[in-house]
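One structure below.
Each value in this text was obtained by applying a stated rule to the coordinates, not by laboratory testing. Owing to the predicted nature of the structure, the values given are computational and were not obtained by experimental measurement. Here the Cβ is made from the backbone with ideal geometry for all residues, glycine too, and neighbour counts use every protein chain on show.
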Ligand SMILES: Nc1ncnc2c1ncn2[C@@H]1O[C@H](COP(=O)(O)OP(=O)(O)OP(=O)(O)O)[C@@H](O)[C@H]1O
């Protein structure tokens, strides 16, 4: 296990393939305690693939991944489970279960991992987390009765119900209007400041990224272009980074054969 100042995530030389396509190569990624790290990059640049590797859902072809000091590429199922218990994950696909009340959705991880808790304790703990995300009175409502922003906050309450030290958030603002999205940004900052969580956020939203990030990692075609502070990223004279920040397209593919070759090539 790591000491309190040791990095919570240390990825070195990560290489990942899907079939014959190399998706990530030479990726170094290190997250320090207490920071909010934003991962940005164009569609298909490998952001979700990197997250899936850090969560131990995929094994890398090459490289090492340490989470809380444990090398999860070599960890036993039991060690991996111990690491996962300390992680909170709020993914786009991880919507609430429509058949359960909001409170029961939030309580799910407690019921799964903490058989020693009784119903009263579970209710108190899930209510507390709903209060953290400003949904204090919504325990008994059904997900269908919530707005899109509320659903995101409830999913966030579920992700933090076990007080994770490290929280992953994939596209928090997707599908939300700017006001609701800004509220969610405030909430993410509050989780870091009040609950001392270390947070890794994947987002396409520049405004949100610049507001919440302590540091930003920019991925491009499976490689890290830069990891630095918001200011440094904004000032970067790297043309590709400026293209991404200004939403300029990289290229227009006109040759279908070359495109297909690129999709299947052995060594991108
Ligand atoms: N399970 C899979 N099998 C094969 N290829 C995959 C798989 N998942 C992702 N890919 C490919 O890997 C590349 C990186 O995908 P990834 O989802 O990591 O990108 P991303 O940066 O998260 O993109 P987006 O912003 O669109 O979600 C893409 O070209 C994608 O088509």
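What to note about this one:
- Prolate/oblate/rounded call for region 65-191, Cα gyration tensor, a/c under 1.5 rounded: oblate
- Overall form of region 43-128 per C-alpha gyration tensor (a/c, 1.5; a/b vs b/c): oblate
- Net lengthening on full extension, residue 228/residue 12 (0.36 nm per residue, minus Cα-Cα): 76.1 nm
- On the basis of the beta-carbon distance and an R0 of 30 Å, residue 95 and residue 237 show a calculated FRET efficiency of 0.15.
- DSSP beta bridge pairing in the chain, given as percent antiparallel to the nearest 5: 55
- Relative to the longest principal axis of the Cα atoms of the chain, the long axis of helix 178-195 makes an angle of roughly 70 degrees.
- Label-point gap, in nm, between residue 61 and residue 145 - each point 7 angstrom along Cα→Cβ: 5.1
- The chain: angle of helix 102-113 to the longest principal axis, Cα-based, in degrees nearest 10: 80
- Over the chain: helical MRE at 222 nm, DSSP H runs n ≥ 4 each giving -39500 (n - 2.57), nearest 500: -11000 deg cm²/dmol
- Sorted fewest first by neighbouring Cβ atoms within 10 angstrom, 184, 130 come out as 184, 130.
- Computed from the C-beta positions of residue 257 and residue 196 and an R0 of 45 Å, the FRET efficiency is 0.25 to the nearest 0.05.
- Among 138, 169, the order by Cβ neighbours within 10 angstrom, fewest to most, reads 138, 169.
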